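Peer 1: What follows is a single structure, and I will ask about it in a moment.
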Amino acid sequence: MKHILEKYIPTHAVEPVFGLIKANNIHLKIVNERKTRHGDYRSLPGGVHQITVNASLNEYRFLITLVHEIAHLVAFEHFGRQIKPHGEEWKRCFQKLMLPFIRPEIFPVQLLPLIARHFKNPKASSDTDAHLSVALKQFDAENDKNYIFEIPQGGVFRIYNGRIFKKGERRVKRYECVEVKTGRIYLFQPNAEVELLKTAN
């Protein structure tokens, strides 16, 4: 397991992550990219806990995602299955598990302040923290994706499932975008990754 972890997370995180996996009887599955989520946790028969993480994540996002899912396991084990998946109990577990990793041997110095701020009140997904999401993206492999906030108003873009939208105005934190085929309006997070098809005329 250690030699597998070395391919996906920072070197100095391998030993403590391996310890968490062993202590919690986790079966880790690394899978091809799923567009709707970075990872998930499931309790399997026989007391086995399965955590699945996308192979395509950069090493820092992979680590955050893996610890996020371990926090679900720990929170459910300590507080019971009736708690909210991303409620206060999960947040406390996530903060506690993540704290030993927030150091310069593991994360680049420029990420540390953003990660520290994020973990004062962790969200259901690091993607909803626009500042952290954009900072993490610089460590991704090159791709042809843009963030919604980078696309000019009136620009046309395609999302992961092939649906096409035209970007509208910002409403508080999110952008109103019209689906070209149906004319229906949808709200997008500013840091949602999409494929730009054409700029506004």
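Peer 1: When the distances between all Cα atoms of the chain are binned every 5 Å from zero, what whole-number percent does each bin get?
Peer 2: The calculated distribution, bin by bin, is 1, 7, 14, 17, 17, 15, 12, 9, 5, 2, 0, 0.
Peer 1: Fewest first, what order do Met1, Met98 take by the number of other Cβ atoms within 10 Å?
Peer 2: Met1, Met98
Peer 1: Still on this structure: Quick one: helix 88-98 against the long Cα principal axis of the chain, what's the angle to the nearest 10°, folded into 0 to 90?
Peer 2: Once rounded, the angle reads 70 degrees.
Peer 1: Counting other Cβ atoms within 10 Å of each Cβ, which trypsin sites (Lys or Arg not before Pro) in the range 70-117 have at most 14 and sit in a DSSP loop?
Peer 2: Passing sites in the range 70-117 are Arg81.
Peer 1: Now for a separate question. Label point 7 Å out from Glu195 along Cα-to-Cβ: which residues of the range 140-161 have amide N under 12 Å?
Peer 2: 144-146, 157-161
Peer 1: For a quick check of your reading of the filter: which GluC sites (Glu not before Pro) in the range 10-111 sit in a DSSP loop and have no more than 16 other Cβ atoms within 10 Å?
Peer 2: Those satisfying the criteria are Glu33, Glu105.
Peer 1: Mind listing which trypsin sites (Lys or Arg not before Pro) in the range 144-201 are in a DSSP loop and have 11 or fewer other Cβ atoms within 10 Å?
Peer 2: Lys173, Lys181, Arg184
Peer 1: Oh, and also: If contacts are Cα pairs under 8 angstrom and at least 6 residues apart, what is the relative contact order of the range 110-201 in percent?
Peer 2: The normalised contact order for the range 110-201 reaches 29 percent.
Peer 1: If you average the sequence gap of Cα pairs under 8 Å that are 6 or more apart and divide by the length of the range 133-181, what percent do you get for the contact order?
Peer 2: Normalised by residue count, the contact order of the range 133-181 is 24 percent.
Peer 1: Return the sequence-ordered ³J(HN,Hα) values of the range 142-150 in whole Hz as given by the Karplus equation 6.51 cos²θ - 1.76 cosθ + 1.60 applied to θ = phi - 60°, using x for Gly and Pro.
Peer 2: 4, 8, 9, 8, 10, 7, 3, 5, 7
Peer 1: What does the charge count around Phe165 come to, taking other residues whose C-beta lies under 9 Å from its C-beta (Lys +1, Arg +1, Asp -1, Glu -1)?
Peer 2: In short, +3.
Peer 1: Using Cβ counts within 10 Å as a stand-in for footprinting exposure, how do Leu5, Leu66, Leu187 rank, fewest first?
Peer 2: Leu187, Leu5, Leu66
Peer 1: For the range 35-168, build the charge dipole from Cβ charges (+1 Lys, Arg; -1 Asp, Glu) around the Cα centre, then report which of Phe76, Gln153, Val109 sits farthest towards its positive end.
Peer 2: About the Cα centre, the residue reaching furthest to the positive side is Gln153.
Peer 1: For Glu88 and Lys145, FRET efficiency with R0 = 25 Å and r from the beta-carbon atoms, rounded to 0.05?
Peer 2: About 0.15, to the nearest 0.05.
Throughout, read-outs are computed from the coordinates displayed, never taken from laboratory work. Computed from a predicted model, the values in this text were never measured in an experiment. Heads up, the Cβs are rebuilt from the backbone with ideal geometry, glycines too, and the neighbour counts pull from every protein chain shown.
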